[in-house]
Structures are given as structure tokens and as C-alpha cells.
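Take a look at the structure set out below.
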Amino acid sequence: MTERVVRVAGGQGFWGDSLDAPRQQVENGPIDYLMLDYLAEVTMSILQKQKERDPAMGYARDFIGAMDSVLDAVTERGVRVVANAGGVNPPACATAVQAVARKRGKSLRIGVVTGDDLLPRLDDLIAKGHSLAHMETGEPLQAVRDRVLSANAYIGSEPIVEALTRGAQVVITGRSTDTALTMAPIRFEYGWSATDYDRLAAGIVAGHIIECGAQCSGGNCLYDWRNIPDLANVGYPIADAYADGSFVITKHPGTGGRVSVATVSEQLVYEMGDPHAYITPDVIADFTTIHLEDAGPDRVRVYGIKGSAPTDKLKVSIAYRAGFKAVGTLVYSWPEALDKARAADGILRERLERLGLHFDEIVTEYVGVSATHGALAGEAPPDIPEVQLRVGVRSDDRAMVERFTREIAPLVLNGPPSVTGFAGGRPKVEEIVAYWPALVDKSVVQTTVEMVS
């Protein structure tokens, strides 16, 4: 008797990932579920701004094309899709998907998960004693309340499981945890209970490994990166999950990249935090209990994972307006490129001082010398062929930042010689969106699942 396996394929690691990956995951071999992860902390604020401009927006629009590309697999082969593409407007996202399906004469049963968006409830929550204090500084949210753009609780697997139980072919959520998008279908298929902590933790680890797309199958991999084959045709990851909580990470045959203990290990330590306590709404996973073993070409078996009961809190991702910034760049060429760039920075700063422009922060980087590693880069070689001078400022005063943008270009002719590139023209003033992590009692976040067909 063949052991049952549930195949969950990761097809997106962020909003902006490969447009072809979802289609390739359903066409290159059999899968049961397609998991598409679109959201990052900054993405929520971008989507909220879009929704403010147009109430029909606020979701990851790439998802609509992705669904069009996999529609036949969903309606004819039974592949089910789980995605957090709903952003701050899951109902509108579902409407757009339905429009694509109807245009092609298809019908879809979509489960729409809402309840994570706390923005309309913030004042009421604060009034009832939920301070939503910054997790690092302890400062109450009231300090920036008037500048808040978005506020979304990270929800877990339960509403996704509910939608699948009610027959959803596609599940669209807002700010679900990335890991729940994978764990939920596995939990649903095997009927794991809310207290089956070891298996739930295994599902979370599976989700963590494939949540960033090809980052676990050879992309962005440091170990032996020169010898990873055919990244131009990189295969996105698949989790083959078993009832006991073990699983195998793999990819479709014939695709590029590599799945190995090394590539999986690199992904495991991504955003890990405390390895003993990887906290999610469903379970706390102990990453120190993870066992990895080579199970053949492009196959890594993962097993032995332990979990424990979750906390009574949910993390809340809050974005707020935090002033303005601008970044300008100039490229200086050999000879004495670094000296020229340093001199230009000194001249610029003196001119800003004479103009009475004082910023909350001004940062200078020498790209090609020390922009990545800072002081750890050590002494620069004496004759670097070219250096990019990059200067950024931030301030609550937009007019002050705007004035800074007009002081970069003049350096081309009235500063040190040999400017060979004025990258991007005059800098643009951009609004800064800052991140405010907080906790809230689980009891105040109630999710809802609506079935749309």
C-alpha cells in the first residue's frame, strides 16, 4: 500500500516574484495545492494607499494573472489554491478572480477570509485598553495614531481550513502568516487537531521552507552558488507532506536550481528569531528539533519536529507615516575616484549647512567601497576605478527634503571632477512608511469566511 502524500507547491515568495512560476508549478508535474505568498510588512501599507485611491483596489494584482494561468488546473484537475493576495481588500480580490473565471466560462468556489484588518477598530481597541505598544520600545500606539496607514493582525490556519472544509477551490486571505498558507491544507487533509502540536509545528516548518519561493531551491543561495545548475529555469519548491508530520522538500524534475540540505538549511534560518520558539498563531515550533537528511536527487526529508501550545496573543503589523526622504547618487571615475566622492560629500554637507537645512538623518554611502559592510570593509584599495556616491536625507519637513534634491545635480559641474553618471536624474521626494510591530489579545480578532461562487 502506497503511503498517502499531500503535495503543496510554492509558487510566489513575494509580490513581484516570477509571473511564470504559478503556471509552471501546475504544468510541470502533479500537485494538490498551489500556495502563493504575496505579502510583506511594507506591502500592506502600499496596498492600503491603493485602496484609499480606489476602493476596488488594495490586493496583489499579480494574483489575477496567476489565477488566469492556472485556471484550467483548478477547474479541471482539482488543484486548489491558497493565497494571501487579498491584502487589505480580500473581497475585491475575489471579485476580480471571479471576473476572470466568468470571462473564460469557468465557475469557481472561492473562500474569502477577512477579520485581520484592525484599522477601522484601532480607536475602539485603544479605548478598551489595548495599547498596541511597540514590541521593542514599549511606546503605546497612541503616539503615532494620527499617522497610521494600516494595521493587520497575523491570522493562522483555522479560517483557511474552514474555507477548504466548505469546498473552496481557491482561498483568499488578507494578512495570514506566510507559514499558515502551507500548513492549513496539510492540516485539513490529515485532520490534525488544534492540540496536535508536533504535527502542526511540522506544517509550520514546511511552510517556512517554501514561503520564499525558489530561495530554498537554489535561488539566493550562498553555499556553492557558482555550481547551482540552470537558475534561468529554476524550479520552485514542493512540500510532499505525510500524515505523521514528516515531509520532503523537492521540485519538479527537469527544472533548474537545487534542493539540498544546504539550500533548505539556509532558508530555515531566514527570519528565524529564537530557534527554540518560532511563534505562530497556531503553534510554537522548536527549530532545534528539526532533522534534515538527503533523500535523493533534489529531495530533502524533514522530520522529528516538536511543537508546543501557542500564546494568547496575535502579532499586529502596523504601518505609519514617518516623514519624507530623498536619495541622490553621483558616480565618480578613476583616477582618485574615492577621494573625489568623499570631497563631494563634504562640499554637499557644507552647502546644506549654509542653507540652514538640518535633517533628522543624513547618510552617505560609497557604493563599491563600503555601502554593504560599512567599517567592516576595511581600507579601500588605493585606485578604485569607480565609486558611486549615494546620499540620503530624512525629515518631517517635505520642503526641506525637496530643497536637498536640488543640491545634488550642481555638483556635476561645480564639484570635484570626473562625474560619469547622474543616476536617475534629480532625486524624488518619497514618503517614509515605518513599521510598528505590536501584540493584541487573540480574543479581539474574529475572522470570517465567506464563500463566493
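Here, each number is a calculation from the coordinates, and none is a lab measurement. All values derive from a computational prediction rather than experimental measurement. Don't worry about glycine lacking a Cβ; one is built from the backbone with ideal geometry, like all the others, and counts go over all protein chains shown.
Below is a table of values for the structure above.
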| item | result |
| --- | --- |
| Ala371 vs. criteria surrounded by fewer than 19 Cβ atoms within 10 Å (Cβ to Cβ) and under 29 Å from the mean Cα position of the chain (by Cα) | yes |
| Segment 259-306 - residue that is in contact (Cβ under 8 Å) with a residue 60 or more places away in the chain, part of a strand (DSSP E or B) and under 25 Å from Ala40 (Cβ atoms) and, of those, farthest from the chain's Cα centre (by Cα) | Val302 |
| In segment 293-340, the residues that are at positive phi and either of a type in the set (A, V, I, L, M) or surrounded by fewer than 16 Cβ atoms within 10 Å (Cβ to Cβ) (or both) | Gly296, Gly304 |
| Residue count for segment 388-416, restricted to those that are in a helix (DSSP H, G or I), surrounded by 19 or more Cβ atoms within 10 Å (Cβ to Cβ) and either in contact with a Lys or Arg (Cβ under 7 Å, 6 or more places away or on another chain) or of a type in the set (S, T, N, Q) (or both) | 1 |
| Looking only at segment 221-246, and only at residues there that are free of Cβ contacts under 8 Å to residues at least 40 places away in the same chain and outside any helix (DSSP H, G or I), the one that is farthest from Gly10 (Cα to Cα) | Asp224 |
| Among residues of segment 166-191, those that are surrounded by fewer than 19 Cβ atoms within 10 Å (Cβ to Cβ) and under 23 Å from Ala96 (Cα atoms), counted | 2 |
